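Scroll down for the structure; my scribbles are underneath it.
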Amino acid sequence: MREVAIVSRKFAVENSHTLSVAQAHGAYKTLEKLHTLAPLEIIEIIKESGLRGKGGGGAPAGAKWALMPQESERPSFVVINCDESEPGTFKDRQIITKDPHLLIEGILITCYAVKAKHAYVYIRGEYAQYQDVLQGAVDEAYVAGILGEVDVTLHRGAGAYICGEKSALLESLEGKRGHPRLKPKQPEPEWYFGNPTLVNNVETIASVPFIMEHGAAAYRAYGTEKSPGTLLFAMSGHVEKPGVYEAEFGVSMMDYINHYGGGMKNGKKLKAVIPGGASTGVMTAAEADNVQLDYESLRSMGLSLGTGGMIVMDEDTCMVSVLKNLLEFYHEESCGQCTPCREGTGWVDKLVGKILDKRGSSEDIDKLLEVAETMNGKTICVFAPAVSAVIVSFLSRFRDEFEAAL
Amino acid sequence: MSFCFNDANVAKIEALKKRYPSAQALSLPCLWMVQYQEGYISLDAIDVIAEVTDTPAMEIYRVATFYTMFHLEPTTQKRVLVCKTLSCKLCGSDAVLEQLKKHDVLVEHVECLGSCGTAPVMQIDDVNYENLTPTKVDAIVEGLR
Ligand SMILES: Cc1cc2nc3c(=O)[nH]c(=O)nc-3n(C[C@H](O)[C@H](O)[C@H](O)COP(=O)(O)O)c2cc1C
Ligand code: FES
């Protein structure tokens, strides 16, 4: 497997969170070049690089930046999504603690390109200790005069998974409950207090300095045609060496798990993998043997790549209890705005609980699929459709286990 | 019992007001300040935040009750947040919960804390304790006194 470190280049450097060490390793070098380019030229470079959003959706970043107005009477804002609450995902915290200046550099480039003077980093409430490290880096950058013309403000969440959804995040950043907004029919920016706003994931923005320094082609030298570049893929669960390891898109999942993860814990056999955070569905060991880690490969299996945070499960794992665990999460975290989601997550959680307790009947499996169907496509955000897809993925692959539990 | 922000927080609020397009954005920062200052969020404090943010008190109350990390009741016990989501569950969070029953702490079951690669995990006073075993749990909790 080809080793590559675009975002994680300084992770192993001691004290890389401090300005002096970061600068000794090349931080902020691209800022000199920045002002020799026009904002629209930078957006063009990002488009050419094929950079895709790393918060789970994989939306092309350049096209999103291009939606921001270059002329506007209202101020424009950049918002960095560090809500990182998707189970199995723990990559953004590596960036804000091990190379926060890379993120700040990315923010400065982004703000220049979309003509914003202020960026907010929305950080989940449980990350206070990591937020402190990023705040330290921001403070140092202000003292050094790197920040000032552009402001960076860290904003702490307070325990709500849904605030990772970009419009819920903006509601929360406005001081409200984190309720997702209705999506517009046409492509447009996000809005923060009615001002045009760009929302990107931490890792997306941390990938920008490399592209600025080395060019779009250098980024495209990694990954696949449609999924260019790299991702901070991660592993947790039953592997020997769980953790975050950067790799290019398109590598084989099993090679990744064996190479970086050191294979299965205690030499057990693989049973199933959740490919990229809880909401991406589940695959069997046989499927894992044959899949590449890029958006298109996962999509073609009816699953998603998500955040690239794989949850690996061995032969002793009970798939009914795994689904129960995930549904408890969704039931707890539904924001409650839409009835199919608020009521549906509770209902499916109860049904699987019944099956797990061996009190279920075959009608309960039918009912489970029926409720899942009702939750799909009838809500403001994609939380409920994701839950629905998770349920279907478990039942289409491990139905025998559910039936055996009846 | 009335509530007042202490001087340090008053200064913080003034500085923060300059960083947002509207005072309403200060509701979460203010709720955090109250919680660190008083240990919990009282209805009196909610009235004060309503004034600072120029937002109806009911709206601040709605916000305070939406986010799970805000506490509207005081407690004398130490709060211990234990992750019960999948990766922690696969790696032994049940044993952590069992062990914590032996201690006089307020255990809260929470969802994924972003430490899945170092599971199981618990959080006390904003600090994550990772790769837990029952023995480690005892040592950490006893070290709190
Ligand atoms: C329920 C839900 C939770 C999400 N959580 C996160 C999150 O924690 N972090 C994140 O960056 N994006 C999250 N997203 C995706 C965001 O809505 C948004 O697409 C992303 O922040 C855009 O940045 P990107 O294009 O750079 O990925 C979530 C989406 C949904 C529907
Ligand atoms: S599952 Fe426990 S920290 Fe992620």
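Structure summary
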| item | result |
| --- | --- |
| Segment B:67-145 - Kirkwood radius from inverse mean 1/r over Cα pairs (Å) | 12.6 Å |
| Among the listed pairs A:Lys29/A:Lys183; A:Lys47/A:Lys98; A:Lys47/A:Lys265, those beyond 30 Å (Cα-Cα) | A:Lys29/A:Lys183; A:Lys47/A:Lys265 |
| Relative contact order of segment B:78-143, pairs being alpha-carbon contacts under 8 Å that are 6 or more residues apart, as % | 40 percent |
| Overall form of segment A:197-345 per C-alpha gyration tensor (a/c, 1.5; a/b vs b/c) | oblate |
| Shielding score for B:25-31, defined as the mean number of other chain Cβ atoms within 10 Å | 5 |
| Entries in A:Lys358/B:Lys102; A:Lys241/B:Lys89; A:Lys166/A:Lys226 that, when Cα-Cα distance is taken, lie over 28 Å | A:Lys358/B:Lys102 |
| Charge context of A:Met313, other residues only, Cβ under 11 angstrom, K/R +1, D/E -1 | +2 |
| Cβ-based exposure ranking for B:Val137, A:Val208, in which fewest neighbours within 10 Å come first | B:Val137, A:Val208 |
| Rg ratio (alpha-carbon, reference 2.2 N^0.38 Å) - chain A | 0.99 |
| Two-site label geometry, A:Glu240 and A:Glu71: point separation in nm, points 7 Å out along Cα→Cβ | 6.2 nm |
| Kyte-Doolittle mean at least 0.5, axial Cα span of 24 Å or more - DSSP H helices of chain A | A:383-404 |
| Sorted by Cβ neighbour density within 10 Å, fewest at the top, the residues A:Lys54, A:Lys33, A:Lys98 | A:Lys33, A:Lys98, A:Lys54 |
| Lone cysteines, chain B (no partner Cβ under 4.7 Å) | B:Cys4, B:Cys30, B:Cys91, B:Cys112, B:Cys116 |
| Virtual spin-label span in nm between B:Ala15 and A:Leu406, 7 Å along Cα→Cβ | 6.3 nm |
| Relative intensity, log₁₀ I(q)/I(0), of segment B:1-125 from a Debye sum that treats every alpha carbon as a point, q = 0.22 Å⁻¹ | -1.13 |
| The protein assembly as shown, helix-only ellipticity at 222 nm - DSSP H runs n ≥ 4, -39,500 (n - 2.57), divided by all residues, nearest 500 | -13000 deg cm²/dmol |
| Neighbour-count ranking [beta-carbon atoms within 10 angstrom, fewest first] of A:Cys341, A:Cys335, B:Cys30 | A:Cys335, A:Cys341, B:Cys30 |
| Counted charge near A:Thr153, where neighbours are those whose Cβ lies closer than 11 Å (Asp, Glu -1; Lys, Arg +1) | +2 |
| Relative contact order %, segment A:230-314, counting alpha carbon pairs below 8 Å whose residues are six or more apart | 37 percent |
| Degrees, to the nearest 10: B:7-17 long Cα axis against longest axis of chain B | 80 degrees |
| Peptide-level mean, for B:116-122, of C-beta atoms on other protein chains within 10 Å | 6 |
| Anisotropy class of segment B:1-63 from Cα gyration tensor, a/c 1.5 cut | oblate |
| Averaged over A:169-175, number of beta-carbon atoms from partner chains that fall within 10 Å | 5 |
| Cα gyration tensor shape for segment A:98-235, rounded if a/c is under 1.5, else prolate or oblate | rounded |
| Neighbour cut-off at most 10 other Cβ (10 Å), DSSP loop, trypsin sites (Lys or Arg not before Pro), segment A:164-232 | A:Lys185 |
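None of the figures in this text is laboratory data; all of them are computed from the coordinates on show. Every value quoted in this text rests on a predicted model; they were computed, and no experiment measured them. Reconstructed Cβ throughout: ideal geometry from the backbone, glycine too, with neighbour counts over all protein chains shown.
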